[in-house]
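The values are calculated or read from the model by the stated rules, or taken from the named source; none is laboratory data. Just so it is clear, the model here is predicted, and its values are computed rather than measured. Cβ atoms come from the backbone with ideal geometry, glycine included; neighbour counts cover every protein chain shown. Surface areas here come from the heavy atoms of the whole protein model, side chains and all, with no ligands, DNA or RNA. Shrake-Rupley method; radii C 1.70, N 1.55, O 1.52, S 1.80 Å.
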Amino acid sequence: MLEQVTQRVWYLPWEEERDRPSLYYIRGDRRSLAVDAGSSPAHVAQFYAALEERGLPLPDFTAVTHWHWDHTFGLGAVQGVTLASALTNRKLRQVRAWEWTPEAMAQRERRGEDIPFCNEHIRREYPDLGAVSVSLAEMEVEGELTLHLGGVDCRLFCRDTPHSRDGLLVHVPQERVLALGDADCEDLYQPGAGYDPARLRALLELLSSLEFSLALPGHSGPETRGQELEYLRGCLQGCAGMLNFCQGMENG
């Protein structure tokens, strides 16, 4: 079921069981943009059916926020022009060469190329692993790009985020929304996972400098600007507390 966020913004809510992220949609007077390509062709089909049910045209553009499977494995089923950061496409070129068998997935876990959490949910999304197909985005964004959709602009900009080095955020000033993808989440691929304090602080400073009323995250519903900033501050304080604890253990 598609939910409306503002006059021009809708989203298909996330699904926890298969770890499907929220897919966002911004409608302009002439063109429309989707944020994230979903985890599979089936996820894309669900999104498109929800748009058609609301009488909304399918997106002319789809921008992916980072390389992780649940945001990109639907790229091959997307209509219109697809966009990603150059770093995202670079990573997807590596992932496209991966084999999708239980043995190959287990090997990647042992080498640290992939993680059990993702593989578990990939198996749920793809009972037939042979159906996994990885595509690249057609256009690469380096730095910033603004899409003029008619009556509304979408500013796409690349950032190193706490969750992934190849983050792409989407700011829609007229609607006062900021699509984050998973930018405010932990980096599960780093040793020990968790937050890198420097990357977390940089995101907090960036978001504090932007004008928006609603943050649109990847795996929850929209948050107010105040809620999002408070969450990030709490995470940063948690990092500081853990660092002090570890230093105390070393000195003790």
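Where both partners of a DSSP beta bridge lie in segment 63-209, what percent of those bridges are antiparallel, to the nearest 5?
Counting only bridges with both partners in segment 63-209, antiparallel ones make up about 75 percent.
How big is the charge dipole of the chain about its Cα centre, in debye rounded to the nearest 20, if each Lys and Arg gets +1 on its Cβ and each Asp and Glu gets -1 on its Cβ?
That gives the chain a dipole magnitude of about 380 debye.
Evaluate Rg over Rh across the chain, taking Cα atoms for both radii and Kirkwood's formula for Rh.
Using Cα coordinates only, the ratio equals 0.98.
Determine the distance separating the Cα centre of segment 2-20 from the Cα centre of segment 62-88; give it in Å without decimals.
17
Please give, to one decimal in nm, the separation of the simple spin-label points placed at R90 and R201, each 7 Å out from Cα toward the Cβ.
2.5
With +1 on the Cβ of every Lys and Arg and -1 on the Cβ of every Asp and Glu, and nothing else charged, how large is the dipole of segment 115-252 about its Cα centre, in debye rounded to the nearest 20?
For this selection, approximately 260 debye.
What nm distance separates the two modelled labels at E17 and R110, each placed 7 Å from Cα along Cα→Cβ?
In this crude spin-label approximation the distance works out to 3.3 nm.
For T101 and S213, what does the FRET efficiency come to when R0 = 41 Å and r is the distance between their Cβ atoms, rounded to the nearest 0.05?
After rounding, the FRET efficiency stands at 0.35.
Given a 1.4 angstrom probe, I'd like the percentage of the accessible area of segment 1-47 that is carbon and sulfur, rounded to a whole number.
Of all accessible area on segment 1-47, carbon and sulfur atoms account for 42 percent.
Can you tell me the FRET efficiency between S133 and D153 if r is taken as the Cβ-Cβ distance and R0 is 51 Å, rounded to the nearest 0.05?
Efficiency computed from Cβ-Cβ geometry: 0.95.
Per residue, how large is the accessible surface of the chain? Use a 1.4 angstrom probe and give square angstrom. Don't skip to the answer; put the middle values down first.
Values: 11650 Å² over 252 residues.
Heavy-atom accessible area per residue stands at 46 Å².
Assuming 0.36 nm per residue, please report the length gained on full extension of the stretch R30 to E3 beyond their Cα-Cα distance.
Stretched out fully, the R30 to E3 stretch lengthens by 7.6 nm.
Please compute, over every Cα-Cα pair in segment 46-133, the percentage with a separation greater than 23 angstrom.
32
What is the spin-label model distance, in nm, from R176 to E52 if the labels are put 7 Å beyond Cα along the C-beta direction?
The modelled label-to-label distance comes out at 3.6 nm.
Nearest-5 percent of antiparallel DSSP beta bridges in the chain?
Numbers: 26 of 39 bridges.
Here the share of antiparallel DSSP bridges comes out near 65 percent.
Provide the FRET efficiency to the nearest 0.05 for the Q190-Y231 pair, computing r from the beta carbons and using R0 = 22 Å.
On the way: r = 20 Å, r/R0 = 0.90.
Once rounded, the FRET efficiency stands at 0.65.
Give the span of segment 1-148's Cα atoms along each principal axis, as three whole-Å numbers ordered largest to smallest.
Reported extents, whole Å, longest axis first: 48, 33, 21.
Using the scaling law 2.2 N^0.38 Å as the reference, what is the normalised Cα Rg of segment 75-218?
1.16
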